[in-house]
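Please read the structure below before turning to the comments.
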Amino acid sequence: MGLFNKIKNMFKNTEEEISTESVEKEVSNEDVEEESFKQDDTTQELNVPKKEEKVQKKEKKSKNNVKLYEKGLTKSREGFVSKLANLTNKYSKVNEEYFEELEEILIMADIGVNTVMEFMDRLRKRVRDEKIEDPNLLKEVIVDELFIIYVNDEVLSSKIKFADNGPTVILFVGVNGVGKTTTIGKIANKLKNDGKKVLLVAADTFRAGAIEQLKLWSERAKVDFCCKEEGSDPSSVVYDGIEKAKNENYDVVLVDTAGRLQNKVNLMKELEKMNKVISSLIDGGAHETLLVLDATTGQNGISQAKSFKEITNITGIVLTKLDGTAKGGIVLAIKEEVGLPVKYIGLGEGMDDLDVFDIEKYIYGLFKDLM
């Protein structure tokens, strides 16, 4: 059994469990209501073991996340994967014309020219070595090889590096308009729901409305907020925010920064100054610097990632608006061309539609209709 079939079977079982769980929950609720009616509710309590309750919540959350990937990758799946299916139906035998059309489909999916060239070399070799002639047999090989290119024999982690002691400081960088402030608000909400005490710091003091926008997100997420007046020195805002976080025992500090990539020198100096301030207050400096990219911008997002890597030490990518593009292959291109892991992906406009990136759920959500 190939890698993709293993992933598909794993999540197919999850889907079946969701249906079964829904029926069992209804029956269970009816039993509880009937029992409660018989008993005096002032003297009797229904006790659910806390550990079991936590496990059930975690399993339910994982199942919901699979659905989020399926729904969020619909456009990519309907565009990219339908073309692959049509290609398979068009050819009765794998030949050079088949490879040329496949190459074009992959490039149009924004996987990236360099990534596609490497992929095609690997695919041709497997076809030769395994003597594959039937395009239907090649579908699973295609998915397997795309997965292998992303993983590349590395231990990839989409987890945030949290501090052992004191507050965890996460810087967010990215050009204006990619959804940076919205991303910070959604991550703040996610962390707060995980039991973290979160502080948002408005260090983008130059863009009109940036401070007010972040404040609104802090109110939506019900987390605390730190700012100064518009035009203030961003590093001074960061200093005040981290001091507050240390004194008041915050778990996580999320810092919004300016996105003026058109002025690289000034932006680099600004981020350098911020990092010096953070390092003076936190051992080792910022724990993460996440670059926010808009998936709908395609290869332009790759160019932004390369530019920001020249300016500061990026530790991971947040890819927003993936639900709004048919070119979901951008995830693979980012990893291959920039060498940075995707840590979060945005799959919708709702508060809970931003999720920690999971390559297996991504592969499943993208290719589930192919087999």
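The values are calculated or read from the model by the stated rules, or taken from the named source; none is laboratory data. Predicted model only: the values in this text are computed from it and were never measured. Cβ atoms come from the backbone with ideal geometry, glycine included; neighbour counts cover every protein chain shown. Surface accessibility is based on the protein's heavy atoms, side chains included, excluding ligands, DNA and RNA. Shrake-Rupley method; radii C 1.70, N 1.55, O 1.52, S 1.80 Å.
Quick notes
- With 30 Å as the limit, the listed pairs LYS215/LYS309; LYS244/LYS361; LYS67/LYS244; LYS197/LYS228; LYS197/LYS276; LYS125/LYS327 have LYS244/LYS361; LYS67/LYS244 beyond it between alpha carbons.
- Set the Cα radius of gyration of the range 248-371 against 2.2 N^0.38 Å, with N its number of residues, and you get 1.17.
- Largest-first ordering by accessible area, 1.4 Å probe, given options ILE359, ILE107, ILE142: ILE107, ILE359, ILE142
- Annotation: amide H of GLY259 within the under-5 Å range of ASN176, sequence separation 5 or more or interchain, hydrogens built in the peptide plane.
- Solvent exposure ordering (accessible area, 1.4 Å, most first) of SER236, SER280: SER280, SER236
- Sparsely packed loop sites in the range 163-245 (the GluC sites (Glu not before Pro) outside DSSP H, G, I, E and B with at most 16 other Cβ atoms within 10 Å) comprise GLU229, GLU230.
- Rg and Dmax [Cα atoms of the range 166-259; Å; Rg one decimal, Dmax integer]: 11.9, 34
- For GLU118, solvent-accessible area (1.4 Å; no DNA, RNA or ligand), Å²: 60 Å²
- Cut-off 13 Å between beta-carbons: net charge of the residues surrounding TRP217, Lys and Arg +1, Asp and Glu -1: +2
- Sum of side-chain charges, ALA326 neighbourhood, beta-carbon under 11 Å (Lys, Arg +1; Asp, Glu -1): +1
- Radius of gyration and Dmax over the Cα atoms of the range 98-187, both given in Å: 19.4, 59
- Whether the range 134-291 is rounded, prolate or oblate, judged on the alpha carbon gyration tensor where a/c under 1.5 counts as rounded: prolate
- For the range 65-208, the dipole from Cβ point charges (+1 on Lys and Arg, -1 on Asp and Glu) about the Cα centre works out to 1120 debye, to the nearest 20.
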